[in-house]
Amino acid sequence: MRTDIFARLDREPEPPKIETPRMSRHRIALFGGTLAFYLAIVVAVLMSSWLVALDWKVMLFRPYQQWPEIHAALDYYVVLGQRGPTAVMVACWLGWRSWRQHTLRPLLTLGASLLLLNLTVGAVKIGLGRLGPHYATRIGSAELFAGGDIFPSGHTANAVVTWGILAYLAATPRARRYLSAMSAIVSLGVGLTTVYLGTHWLSDVLLGWAAGLLILLGLPWVEPLITRAENWIFAARARLGAPGSRPVAPAPDADAPVPVPAVQPAAQQPAEESAAQGPARGQAGRPPAANGRPRPHPAPATAHAVRSERSPVTPAGSRRPPHADRAPRGGTAPARPVAGG
């Protein structure tokens with residue numbers, strides 16, 4: 001039985017490396033084809049061509065009346081194209097990836113794509129001012145420059161960008177393929193749902209698909225700005241100091257005074273004094289040997305005695321009782337009687 005599975009579970013997984021897409025020839029060709037399709041739709045609506053007639057036929061068909069049983073479900077499904085709820089959901093996922101991989105690129109890429117979406121789609125909406133099917137005034141008209149804001153479809157473009165950014169930031173080719181298919185299905189369904197509900201013309205949806213795809217295809221041109229923004233944010237964070245980091249101890253100053261060592265405690269001074277006065281006391285108070293020679297003083301012990309084993313020394317002297325053979329301190333030794341006399 002293998003036992004290294006627990007070590008694998010306890011070990012922190014390494015963050016996957018996200019390769020930055022580049023503007024390859026294939027991507028440039030797709031961008032050019034999508035841009036041509038975008039301009040062709042705008043020109044067809046401006047000229048009130050067959051595309052405008054098709055818009056009116058679909059509108060007069062009223063799909064919401066033909067299949068009313070799916071109306072309630074599609075009212076909830078169309079929320080997948082609203083900018084607010086979808087941006088919050090995707091931002092939560094990309095925020096977790098940013099924290100996990102220690103990089104701000106996922107969140108910054110989402111912010112840059114939504115900013116481009118608001119600028120480009122919003123400018124065209126306000127500039128052309130097309131009215132929606134429910135507010136149309138004349139049958140067969142393109143309903144342009146009438147104060148509307150539905151061309152191109154914001155729900156469709158937002159669905160393409162918001163869900164497509166997951167495929168754009170995928171870490172593996174397999175995940176990129178699956179997420180690309182998922183985002184295409186979701187954005188296609190959101191666009192057709194708006195046509196079913198009668199809130200957009202069919203040409204609005206076609207232009208919304210093209211607008212969202214242009215933003216995704218052109219994101220590699222914005223990658224240098226995203227990298228600069230990330231570096232600037234990390235540099236500003238380093239200047240301000242990361243929250244919760246340990247304060248760095250200041251370097252010692254060469255001109256600062258050297259600290260003086262502390263004075264030895266007074267409790268140890270009497271013991272040292274007694275050790276220094278010990279030999280003198282022994283020489284003064286120890287009587288001579290029988291042959292007249294002074295008794296040799298014992299060699300000092302290498303190890304100090306424990307404080308509890310030493311007799312306390314007071315200013316009045318030792319508390320140990322005087323020995324019978326020793327003379328009092330400061331006096332002379334008594335004369336011993338001579339044998340035979």
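Thr109 passes all but one of (1) over 17 Å from Ala211 (Cβ atoms); (2) open to solvent by 60 Å² or more (accessible area, probe 1.4 Å); (3) within 33 Å of the chain's Cα centre (by Cα); which number fails?
(2)
Within the range 140-151, can one find any residue that is assigned to a helix (DSSP H, G or I) and surrounded by 13 or more Cβ atoms within 10 Å (Cβ to Cβ)?
First, pick out the residues of the range 140-151 that are assigned to a helix (DSSP H, G or I): none.
No, the conditions are met nowhere in the range 140-151.
Any residue at all in the range 100-108 that is out of contact with any Leu (no Cβ under 7 Å at 6 or more places or on another chain) and under 16 Å from Tyr196 (Cα atoms)?
There is no residue in the range 100-108 that is out of contact with any Leu (no Cβ under 7 Å at 6 or more places or on another chain) and under 16 Å from Tyr196 (Cα atoms).
Please enumerate the residues belonging to the range 67-113 that are polar (S, T, N, Q) and touching a helix residue (DSSP H, G or I) at 6+ places or on another chain (Cβ under 9 Å).
The first filter runs over the range 67-113 and keeps only residues polar (S, T, N, Q), leaving 82, 86, 98, 101, 103, 109, 113.
Passing the criteria: Gln82, Thr86, Ser98, Thr103, Thr109, Ser113.
From the list Val186, Val205, exactly one residue is buried (at least 18 other Cβ atoms within 10 Å of the Cβ), out of contact with any Cys (no Cβ under 9 Å at 6 or more places or on another chain) and closer than 30 Å to His102 by Cα. Which is it?
From the options Val186, Val205, the qualifying one is Val186.
Pairs, please: C-beta under 9 Å, at least 6 apart or cross-chain, first residue without any contact (Cβ under 8 Å) to a residue 60 or more places away in the chain and of a type outside the set (A, V, I, L, M, F, W, C) and in the range 116-140, second in a helix (DSSP H, G or I) and surrounded by 18 or more Cβ atoms within 10 Å (Cβ to Cβ)?
Sorted first by the residue in the range 116-140, then by its partner, the pairs are Gly122/Gly154; Lys125/Gly154.
Within the range 160-249, considering only helices (runs of 4 or more DSSP H) that don't extend past its boundaries, which have at least 3 residues that are touching a Gly at 6+ places or on another chain (Cβ under 9 Å)?
Per the criteria, 173-197, 202-218.
Identify the single condition in (1) open to solvent by 10 Å² or more (accessible area, probe 1.4 Å); (2) over 29 Å from Ala229 (Cα atoms); (3) of a type outside the set (A, V, I, L, M) that Asn118 does not satisfy, given that it satisfies every other one.
If we test Asn118 against (1) open to solvent by 10 Å² or more (accessible area, probe 1.4 Å); (2) over 29 Å from Ala229 (Cα atoms); (3) of a type outside the set (A, V, I, L, M), just (2) comes out false.
Answer yes or no as to whether Ile126 is in a helix (DSSP H, G or I), farther than 23 Å from Ala44 by Cα and of a type in the set (A, V, I, L, M).
Spelling it out, it is not the case that Ile126 is in a helix (DSSP H, G or I), farther than 23 Å from Ala44 by Cα and of a type in the set (A, V, I, L, M).
The values are calculated or read from the model by the stated rules, or taken from the named source; none is laboratory data. What you are looking at is a predicted structure, and each value in this text was computed from that prediction instead of being measured. Here the Cβ is made from the backbone with ideal geometry for all residues, glycine too, and neighbour counts use every protein chain on show. With ligands, DNA and RNA removed, areas are computed over all heavy atoms of the protein, side chains included. Shrake-Rupley method; radii C 1.70, N 1.55, O 1.52, S 1.80 Å.
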